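Participant: I'd like to ask you about the structure that follows.
The values are calculated or read from the model by the stated rules, or taken from the named source; none is laboratory data. Since this is a predicted model, take the numbers as computed values, not measurements. Cβ: placed from backbone, ideal geometry, glycine included. Neighbour counts: every protein chain shown. Just the protein is used for accessible areas: all its heavy atoms, side chains included, with ligands, DNA and RNA removed. Shrake-Rupley method; radii C 1.70, N 1.55, O 1.52, S 1.80 Å.
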Amino acid sequence: MLIILAGKLFNLSDSFSSIQDYLRETLDWIANLGYWGPVAFIVVYILATVLFLPGSILTLGAGAIFGIFTGSIYVSIGSVAGATCAFLVGRYLARGWVAKKIAGNQKFKAIDEAVAREGWKIVGLTRLSPIFPFNLLNYSFGLTKVSLRDYVVASWIGMIPGTIMYVYIGSLAGELATLALEERSKTTGEWILYGVGLVATVAVTVYVTKIARKALNEKIAEEQG
């Protein structure tokens, strides 16, 4: 099943709705695997993350299959492992491709300069902010000077609130067939999480601007000196 799923996921010409259907089918399969279910779930999550696929269905599915506590643990392991794999690919195997994907993107250029000075703080804040695309960010951080250790720890901590929230929402659904982000109203907890994300976005913007201004002043001082 994993091999079949991987082949389908690599077929990036499939529509988003088709990918969601594949993931739901896979979740049904995982739900019937017994003790091997968590292992299969984590492997699928890693694959989805590396292949630029949205993990929302998988995160919700973890809540429906495993419950809040264990589901959050499995999603945390899968998302961090997947993000780490993408980071390593971006740093060592596909630097040219990633550089082309983010070329001319001012947000990532500013983040790169900020990460060089602040490292894990910027990684953690961007994980809390919804405006930075999770999958592309994984690869993009591979091009920065942040250490692997700081990247992994900051990513894990920054992703915990969103992980727990969406696993909890999935647990409320009860059945995999009812999982759909667009077919329900947002909970109070989600609005709180969005508020946290907004604050993180503002913090990243202010932080990056401050660092950029400091770097500019230092450069001017060097030239005048």
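Participant: For Asp21, what accessible area in Å² do you get when you roll a 1.4 Å probe over the heavy atoms of the protein chains, rounding to the nearest 10?
Facilitator: Estimated to the nearest 10 Å², Asp21 gives 80 Å².
Participant: Mind giving me the FRET efficiency for Ile157 and Ser18? R0 is 30 Å, r the Cβ-Cβ distance, nearest 0.05 is fine.
Facilitator: Approximately 0.35, to the nearest 0.05.
Participant: Residues in the range 134-148, backbone N under 20 Å from the label point at Arg95 (7 Å along the Cα-to-beta-carbon vector): list them, ranges by number please.
Facilitator: 136-148
Participant: Follow-up question, since we're still on this one. So how far apart, in nm, are the two label points at Thr70 and Val39 if each is 7 Å from Cα heading toward Cβ?
Facilitator: Here the answer is 1.5 nm between the modelled labels.
Participant: Keeping all protein chains in the complex and leaving out DNA, RNA and ligands, what accessible area do you get for Ser72 with a 1.4 Å probe, in Å² to the nearest 10?
Facilitator: The accessible area of Ser72 comes to roughly 20 Å².
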